[in-house]
Amino acid sequence: MTSTNGHNAGSQAPVENVIIIGSGPAGFTAGLYAARANLSPLLITGNDYGGQVSITYDIENYPGFPESLSGPELVEKFKAQAEKFGTRVEFDYVKEIVVDQHPFLVRTESGAEYRTRTIIVSTGARPRYLEVPGEKEFTGKGVSYCATCDGFFFRGKDVLVVGGGDSAAEEALFLTRYASRVRILHRRDKLRASKILQDRVFTNEKIEVLWNTVVTEIVGKNGAVTGVKTQDTVTGEEGFLTTDGVFIFVGHLPNNELFPGKLELDEDGHLITDRKYRTNVPGIFAAGEIQDKVFKQVATSVGQGCGAAMSATRFLEELEAGHAIDWSADPREFALPRVGALA
Ligand SMILES: Cc1cc2nc3c(=O)[nH]c(=O)nc-3n(C[C@H](O)[C@H](O)[C@H](O)COP(=O)(O)OP(=O)(O)OC[C@H]3O[C@@H](n4cnc5c(N)ncnc54)[C@H](O)[C@@H]3O)c2cc1C
């Protein structure tokens, strides 16, 4: 079978220096740095071209753009800059990686098979959605999945936070910097968040918790959220809450389907990397939200993509210099404690 990019599946395709999996901020930045190191990287976009940024209405916290810009505009700038220096962008989806041989193999949905000396994984993550009517329609117009990104727009306003874990508690506390009132809607009768976060939530005068409550619909007018329909999980009673914004924190899912049994994942499904963005397999690096569950920002993902590309470049230099690589040894170094205050 011949794929769109001309490689015969199963044939001995030329060996790539770097294959980057994913076209979010981490992937395009890795492409930019690898291209400027003359590595002619190949970037495979995945089905969500541009990643989470492409569904972001306005980005106001990415440095260099004081007048802000839309997510899709930023994606085009990332792509143009990466391509300018020689990144090749393939619109395809990786369905399998083979990591127990070198060069590694990367197989895609279109039937292409690539051989590559290094891989940079930047497959990112996605928020878990509530999947209620109105959620999609009002995303970026009052519905948000990121308080750090959007809290600023709710100065002096009323907001709801949906969820009961650490993220919901942390983000609710963050939102009290701006909002006049923050109500947490939780489907159970107790929070799952850590004790210390719960104490902070319960003693914050701006926060109120509504127990046993789920959102059944998000409603709005003139392109802005005005309220949510609710249901009591115990009595079944229906209700309505007026609000200006709905922040949803019911889970964050790393796009990790390619990696179980091949690369080491933590208990939440993120790749475990060291400070040089190395995974447990020599020559495979990871950047962005697939390995970062703490910061989850465009700016941090960009920085991590840069770091991963620099590490891949060093690795290729070692290979070229003929230095022996111990393929069976985990290359990561965890000199610092792996669990810190922020983890
Ligand atoms: C609604 C929303 C608003 C946000 N607003 C802001 C904001 O204002 N400011 C801010 O700093 N951050 C914001 N964020 C967070 C920010 O978008 C993310 O932190 C950032 O996009 C993560 O970048 P990433 O490169 O790690 O991954 P992602 O952006 O998640 O991209 C992952 C990429 O991997 C690809 N992929 C996945 N699996 C495969 C596969 N098997 N084969 C090939 N490709 C694959 C996908 O197609 C995608 O292109 C927002 C997030 C959301 C959801």
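Could you line up Ile59, Ile196, Ile207 from fewest to most neighbouring Cβ atoms inside 10 Å?
Ascending number of Cβ neighbours within 10 Å: Ile196, Ile59, Ile207.
Mind checking the angle between helix 166-175 and the chain's longest principal axis? C-alpha axes, 0 to 90 degrees, to the nearest 10.
Helix 166-175 and the main axis of the chain meet at about 60 degrees.
How large is the charge dipole for the chain, taken about the Cα centre, if only the Cβ atoms of Lys, Arg (+1) and Asp, Glu (-1) carry charge, to the nearest 20 debye?
460 debye
Ranked by Cβ crowding within 10 angstrom, fewest neighbours first, how are His323, His270 ordered?
His323, His270
In whole percent, what relative contact order does the chain give with Cα contacts below 8 Å and a gap of six or more residues?
Across the chain, relative contact order equals 18 percent.
Helix 25-36 sits at what angle to the longest principal axis of the chain, using alpha carbons and giving 0 to 90 degrees rounded to 10?
30 degrees
Using mean Cβ contacts within 10 Å as the protection proxy, how do 39-50, 279-290 order, highest first?
Averaged packing, sorted descending, gives the order 279-290, 39-50.
Roughly speaking, what is the centre-to-centre gap between the stretch 250-303 and the stretch 41-58 when only Cα atoms are used, to the nearest Å?
17 Å
Search the structure for amide H atoms under 5 Å from the amide H of Val162, placed 1.01 Å from N in the peptide plane, and list their residues when 5 or more places away or on another chain.
Those lying under 5 Å, H to H, from Val162 are Leu185, Phe247, Ile248, Phe249.
Can you list the cysteines of the chain that have no other Cys Cβ under 4.7 Å away?
Cys306
Report, in whole Å, the centroid distance computed from the Cα atoms of the stretch 187-228 and the stretch 133-176.
For the stretch 187-228 versus the stretch 133-176, the Cα centre distance is 10 Å.
Using DSSP, restrict attention to beta bridges with both residues in the chain and report what percent are antiparallel, rounded to the nearest 5.
Expressed as a percentage, antiparallel bridges in the chain total about 45.
Given the -39500 (n - 2.57) contribution per DSSP H run of 4+ residues, what per-residue ellipticity at 222 nm results for the chain, rounded to the nearest 500 deg cm²/dmol?
Helices in the chain give a 222 nm mean residue ellipticity of -6500 deg cm²/dmol.
If you build the convex hull over the alpha carbons only and average its shadow over all orientations, what do you get for the stretch 1-151? Give it in nm² to one decimal.
The orientation-averaged projected area of the Cα hull of the stretch 1-151 comes to 10.7 nm².
Count the net charge of all other residues whose Cβ sits under 15 Å from the Cβ of Val201, scoring Lys and Arg as +1 and Asp and Glu as -1.
+2
Please work out, to two decimal places, the log10 of the ratio I(q)/I(0) at q = 0.17, 0.19, 0.23 Å⁻¹ from a Debye calculation in which every Cα of the stretch 198-298 carries one identical scatterer.
With one equal scatterer per Cα and no solvent, log10 I(q)/I(0) is -0.89, -0.95, -1.15.
Translational D (Stokes-Einstein, µm²/s) of the chain at 4 °C and 1.567 mPa s when Rh comes from the Kirkwood sum over C-alpha pairs?
The diffusion coefficient I find is 60 µm²/s.
What's the Kirkwood radius of the stretch 143-248 in Å, using all Cα pairs?
13.6 Å
Applying the Karplus parametrisation 6.51 cos²θ - 1.76 cosθ + 1.60 with θ = phi - 60° to the phi angles of the stretch 54-65, what ³J(HN,Hα) value in whole Hz is obtained for each residue in order, glycine and proline being reported as x?
5, 9, 9, 5, 9, 10, 10, 10, 9, x, x, 10
Run down the aspartates and glutamates and flag those whose C-alpha is under 18 Å from the C-alpha of Lys195, throwing out any fewer than 8 positions away in its chain.
The reachable aspartates and glutamates, counting only those whose Cα sits under 18 Å from Lys195, are Asp166, Glu170, Glu171, Glu205, Glu208.
Please compute, over every Cα-Cα pair in the stretch 76-176, the percentage with a separation greater than 17 angstrom.
70 percent
With axes computed from alpha carbons, what is the tilt in degrees of helix 298-320 against the longest principal axis of the chain, rounded to the nearest 10 within 0 to 90?
For 298-320 against the chain, the angle is about 20 degrees.
Given labels modelled 7 Å from the Cα in the Cβ direction, how far is it in nm from Glu267 to Ser70?
Between Glu267 and Ser70, the simple spin-label model gives 4.2 nm.
Computed from the coordinates by the stated procedures, all read-outs in this text should not be read as laboratory data. Predicted model only: the values in this text are computed from it and were never measured. Backbone-built Cβ (ideal geometry, glycine too); neighbour counts: all protein chains shown.
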